[in-house]
Every structure is written in structure tokens, then in C-alpha cells.
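A short reminder: the numbers here are calculations on the coordinates, not readings from a lab. Every value quoted in this text rests on a predicted model; they were computed, and no experiment measured them. For neighbour counting, all protein chains shown are included, and Cβ atoms are generated from backbone atoms with ideal geometry for every residue, glycine included.
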Amino acid sequence: DTEVTQTPKHLVMGMTNKKSLKCEQHMGHRAMYWYKQKAKKPPELMFVYSYEKLSINESVPSRFSPECPNSSLLNLHLHALQPEDSALYLCASSPEGQGPQNEKLFFGSGTQLSVL
Amino acid sequence: AQTVTQSQPEMSVQEAETVTLSCTYDTSESDYYLFWYKQPPSRQMILVIRQEAYKQQNATENRFSVNFQKAAKSFSLKISDSQLGDAAMYFCAYTGGGADGLTFGKGTHLIIQP
């Protein structure tokens, strides 16, 4: 299994809703990432979990909350989002600590989020 | 902080011809990794090719090859025998490794003319 699976593929939510995005990989990777990508822009790093330790991009607002229940799962909890948060949210994983030949990120197909 | 610059917002090439996409980067690190990712309209990020900075030999993957110039901090992608399926946004990316994540350039939109 060489896939990173993201659900749902599409999500529409109101500004008062609470929702969660889910990401899963079964490649034994010990680092997982959340990226945000606006249309016609490059992905921007939001969060990194490496060996279950969280690193945060300080520009990310607190209405985004990551959770890593185990080394295979990564969730992104969404609360009180704004219309400008509408974007493609990409999850990725990488095989940390497995040698330089394995330094690369595997991406999921993303969740397209629309905030109304 | 590391930066990645792609100076070509859009490139167009005839099918079966060769095209080169440019990328420069800035870093103070000596060991790092460079990548080209392809993002077609489906928006799936697909790894095209990667280069380890400590390796002098340029990476190749079938029709895709890179010209890595470490001193000039340049990392261009050459696509030979362009095919319609190569049409996509191409992102150059950098990481220092160790779960740093990737820093992306702004991307080059590649159009393949039949």
C-alpha cells in the first residue's frame, strides 16, 4: 500500500459548523503533514507531526486544530472557519529516519473545502 | 529561511518536443533535497523526480531529467518527447530533510500543443 487516503474528497460547511478532515497511511511513515493550497498557488505547510510530536506554522489560525491519534492517522479539526479558508487541504507523509534515499513526501488527493 | 523561485508562470511546447522548466533556490544548508512535483487538473501532487544535493550526478527518470547546479543553486527540469499527459502545473520544491516539510516555488503551468 503506497497511498495516502484523505476523506472526505469534498466538504461544504457553514461558518458556525465543526467538521474534521481525515488522513490515513499504512506505509509505516513516521511524519505526516497538512498543507493548504489556494487555487493557482503552491501548497503552504500548516502542521507537521513527526514521531507524534507536533510542529506548527505560527501563521495558521487557531480555528484549525490537528490531531494525531496514532502514527497512521492524522485529523484536522475545523471550527468557526471563514470564507477565506476555502481551499484544497492536502495531507502528506514521509518515511522519516529511513535514509536519504527515502526523503520524499507522498501526497493524498486532497479535500476541497468550501466555507459559506 | 529557504526560498524557491520559479520565474516562468507558463510555458508552452509542441507535442514530441523538449521543454526546460527553471528553478532557483536559496539555502545556507549543505545537505538538502530538491524535487519536481506535477499537479494535473485532478490536483493530485505527483512526484516526478528528486535530487539529493550531495550527489553530483543529475537525476533522470525516463523522459524527465534535471540539471542540478549546486554552486549556482539552480535545479531545472527537462522533459523530452513531450506528451499530452504532461500538461500540468509543475512545482519545484526544497527540503532540508528531517520532517521539515517542503517549500514550494510558485509553479509553472505547462501547456502541450498537439
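Key figures
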quantity	calculated
Among residues of region B:1-38, those that are of a type outside the set (Gly, Ala, Ser) and either surrounded by fewer than 17 Cβ atoms within 10 Å (Cβ to Cβ) or in a loop (DSSP other than H, G, I, E, B) (or both), counted	19
Residues of region B:47-88 that turn out to be loosely packed, with under 14 Cβ neighbours inside 10 Å, within 14 Å of another protein chain (Cβ to nearest Cβ) and assigned to a strand (DSSP E or B), as a count	1
Qualifying residue in region A:105-113 (condition: part of a strand (DSSP E or B) and more than 10 Å from chain B (Cβ to nearest Cβ))	yes
Hey, residue B:28 free of Cβ contacts under 8 Å to residues at least 12 places away in the same chain, over 12 Å from the mean Cα position of the chain (by Cα) and closer than 27 Å to residue A:110 by Cα or not	no
Yes/no for residue B:101 being in contact (Cβ under 8 Å) with a residue 12 or more places away in the chain and either within 13 Å of chain A (Cβ to nearest Cβ) or closer than 27 Å to residue A:57 by Cα (or both)	no
Subset of region A:48-102 (residues that are among the aromatic types (Phe, Trp, Tyr) and within 13 Å of chain B (Cβ to nearest Cβ))	A:49, A:51, A:89
